[in-house]
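What follows is a single structure, written as structure tokens, with notes after it.
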Amino acid sequence: MSLLVNDIAQFIRKTDGANQLTPVALGQLISNHLDQAGVEHDGATLGEFVERTNPDKRMGASHLAELICAEFNLPEEGAER
């Protein structure tokens, strides 16, 4: 598992461990997290992607993080500085 997948999965667990956020809100927070980390991505559609792929929020954080990285072609190591 890549460093970025692990980072996103940890962020999901920390931010929404109680599973209270909507999928769109979670996606928007992940987008903000990636922005702060300097990872280029298509933030406009990340919330929609989370809603479409995990509408009932039953997917585990690691699996969702893997799908996000694959869908948005995110670098394995995180930000390219």
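Things to note:
- Ellipsoid fit via the Cα gyration tensor, the chain: semi-axes of 18, 13, 11 Å, each the root of five times an eigenvalue, largest first.
- Unit charges on C-beta of K, R, D, E only; dipole of the chain, Debye: 360
- Relative contact order for the chain, counting Cα pairs under 8 Å that sit 6 or more residues apart, in percent: 44
- Surrounding net charge for V5, when Lys and Arg each add one and Asp and Glu each subtract one, Cβ distance under 14 Å: -4
Throughout, read-outs are computed from the coordinates displayed, never taken from laboratory work. All values reported here derive from a predicted model rather than from experimental measurement. Reconstructed Cβ throughout: ideal geometry from the backbone, glycine too, with neighbour counts over all protein chains shown.
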